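The structure under discussion appears below in the form of structure tokens.
The values are calculated or read from the model by the stated rules, or taken from the named source; none is laboratory data. Just so we're clear, the structure is a prediction, and the values are computed from it rather than from any experiment. Ideal geometry is used to build each Cβ from the backbone, glycine not excepted, and the neighbour counts take in all protein chains shown. Each accessible area value is taken on the protein alone, full model and side chains, heavy atoms only, with ligands, DNA and RNA left out. Shrake-Rupley method; radii C 1.70, N 1.55, O 1.52, S 1.80 Å.
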Amino acid sequence: MRETEISKEEEMEFAVDEEEEEEIIKNLRSKATELLLREEYKESLKTYSEIISLCQETISKSNEPRLSNLRRTLCLAFSNRAEARARQSEFSEALRDCEAALSIDKSHFKTLLCKGRILLSLNRYTAALDCFKQANLDPHATHNSDMVNGLLTKCKKLQSLSRGGAFDISDWVLGGFRGKTPELAEFIGAVEIKKSDISGRGLFATRNVESGTLMVVTRAVAVDRAIMPQDSGENAHLVIWKNFIDKVVETAKKCEHVSSLISLLSAGEDEGALEAPDMAVFRPEAEVGGGRLDRERLLSILDVNSILEDAISAKVLGKNADYQGVGLWILASFINHSCDPNVRRLHVGDHMVVHAARDVKAGEELTLAYFDVLAPREKRREMADNWGFVCRCKRCLFEDSVCFKQEMREIEMAVGKGVVDVGSLVYRLEEGMRRWMVRGRGKGYLRASFWEAYEKVFGSEKVMRKWGKKIPAPEAVVDTVVHAVGSDQRMMRVLVEGLRRGGGVVEMEKLIKLGRGVYGKVMKKQAIGALLQIGGAQD
């Protein structure tokens, strides 16, 4: 009799404990929800973690009737914690919480949406699409059809862009860069990473491509930007650099996938011993695991691989000339510098778009200008020194070997001092090339080095009349320079002025072709025409 009474008492105590636990969990859920709505993510994370621990502990000692409710509560807590982590870009931990929730309920609507959005942020379009499709089968999708359909449409579009590379930013350009920046996807064209004769490892074309062909579209791990007037001091640049480092460190800490990709980059030591990674690890569907980077190595990697945005070398679309920034674009970091580059880059939002600046042959290494290539040899040497390397490209070696180097230095000094009679300088350079029988690409190299003088000559009708046939026509100079160092907006401006003075269809077609080299095939002819401020460009 006594034993029976004790059992009943224990049952009553157990029932009270259950009620207290349920009340505690209920209050914690209410608190966590409020914190999440107020966007106090760190505090909401702590509260959801309490709920998860309490549920797991309670499940281990509960009877069957209670388990169903506890599992639902646990599933929702994992899902909401994943949401809070995702809002803080803690993608690795957020995905683990999603998996924990889906292990309890594999069709949990909210978790599927959360997981899909995270995968979309990580450019894993196919996996994200599977989540959204599965969520769309849930009865809850009926009440959220617009949202789910919007996610499905966006994901399908990005997946298609990633696979086919059919990017088109023409409407944005024609609209004067107003409105939302176009949504771009990660894209890898006909490229591979191999050992480079220039430095360490490089990016190479795997097939023949024509000028304007898209090679890579990649989103920055992090980027920091600011309006930087020309008189900005060193401190202003240091602030941008510090903010950028903080962003990269935080992103690498929160996402193992990003940290693993960054670890593939060079830290500036023993580059010859580094293996060339398989392109598969950079593709959108790749799942890359790995360890963490220590801060010292990460800083060394950023010092070697960070890329500057500036008006000349980057052409930040839609931004003014004083707009500058620094970022890390992982795949683009494998592209080495050359003073006769064969690819160019555009910056659209946080994405870098890399395209062929001229025809590129299979097996040829892709090279990018880290600084202004329409500058004399000595100036380029100084800029390379600031980057911490010595450029030994064909152009630099050629210019170092020409027989009239002293004359070139004198011309360079005269241009730097702003000599009024630029026509005589151009004539002197042309005579020097004729005297020393400089031909073909060599002519293009030297004309590119003194482009500033040529541009001033071609921009003045008075100077052009004075010198007449003693100096070459603008079209001839532009042709040789483009063949040597690729297209540039400044060359196109010279041709536009010529077109306005009475050019015809042939000149217009030449301009559009040059425009493909500068802006790539992500723009239609009308958009290129708008940027050049010329009418009549028709597809």
Check: Based solely on its DSSP helices, what 222 nm [θ] is calculated for the chain when runs of n ≥ 4 H residues each add -39,500 (n - 2.57) and the sum is averaged over all residues, nearest 500 deg cm²/dmol?
Finding: -18000 deg cm²/dmol
Item checked: Cα gyration tensor of region 103-213 - equivalent ellipsoid semi-axes, whole Å, descending -> 35, 21, 11
Item checked: Length gained when the stretch residue 489-residue 507 is fully extended (0.36 nm per residue, less Cα-Cα span) -> 4.9 nm
Item checked: Violating pairs (Cα-Cα greater than 23 angstrom) within the set 154/361; 417/462; 157/524 -> 154/361
Next item on the list: First measure r as the distance between the Cβ atoms of residue 297 and residue 500, then evaluate 1/(1 + (r/R0)^6) with R0 = 51 Å and state the FRET efficiency to the nearest 0.05.
Entry: 0.40
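Taking 0.36 nm per residue of sequence separation and subtracting the Cα-Cα distance, how much length would be gained by fully extending the chain between residue 243 and residue 133, in nm to one decimal?
Full extension from residue 243 to residue 133 adds 35.7 nm.
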Check: On alpha-carbon atoms, Rg over Rh for region 107-156 using Kirkwood Rh?
Finding: 0.93
Next item on the list: Using only the alpha carbon atoms of region 334-435, find the Kirkwood hydrodynamic radius as the inverse mean reciprocal pair distance, in angstroms to one decimal.
Entry: 15.7
Next item on the list: DSSP loop (so not H, G, I, E, B), at most 11 other Cβ within 10 Å: list which trypsin sites (Lys or Arg not before Pro) in region 433-533 pass both filters.
Entry: 439, 501
Note to self: Need one number: convex hull volume per residue for region 203-303, Cα atoms only, in Å³.
What the structure shows: 166
Notebook entry, point to check: For the chain, with only Lys/Arg (+1) and Asp/Glu (-1) charged at the beta-carbon, what is the dipole magnitude about the Cα centre, in debye rounded to 20?
Noted result: 3720
Notebook entry, point to check: Beyond 37 Å, what share of the Cα-Cα pairs of the chain remains, rounded to the nearest whole percent?
Noted result: 44
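Taking a 19 Å limit on the Cα-Cα distance, which of the listed pairs 443/469; 443/470; 194/379; 405/443; 443/466 fall beyond it?
194/379; 443/466
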Check: Taking a temperature of 20 °C and a viscosity of 1.002 mPa s, what whole-number D in µm²/s does Stokes-Einstein yield for region 153-237 with Rh from Kirkwood over alpha carbon pairs?
Finding: 130
Margin query: Given points 7 Å out from each Cα along the Cα-Cβ axis, report the residue 235 to residue 476 separation in nanometres with one decimal.
Written below: 5.4
Notebook entry, point to check: Can you give the accessible area per residue of the chain, in Å², using a 1.4 Å probe?
Noted result: 50
Check: What's the carbon and sulfur percent of the chain's accessible surface, probe 1.4 angstrom, rounded to a whole number?
Finding: 50
Next item on the list: Return the FRET efficiency for the residue pair residue 146, residue 394: r is the Cβ-Cβ distance, R0 is 51 Å, and the value is rounded to the nearest 0.05.
Entry: 0.35
Margin query: Could you give the length gained by full extension between residue 270 and residue 56, i.e. 0.36 nm per residue of separation minus their alpha carbon distance, to one decimal place?
Written below: 72.1 nm
Next item on the list: Could you order 132, 187 so the one with the most accessible surface comes first? Probe is 1.4 Å.
Entry: 187, 132
Item checked: Amide H within-cut-off set for residue 212, under 5 Å, with H built and near neighbours excluded -> 356, 357, 358
Checklist line | Selection from 120, 325, 402 lying farthest towards where the dipole of the chain points positive, charges on Cβ | finding: 402
Notebook entry, point to check: How big is the Cα convex hull of region 326-393 in projection, averaged over all directions, in nm²?
Noted result: 5.3
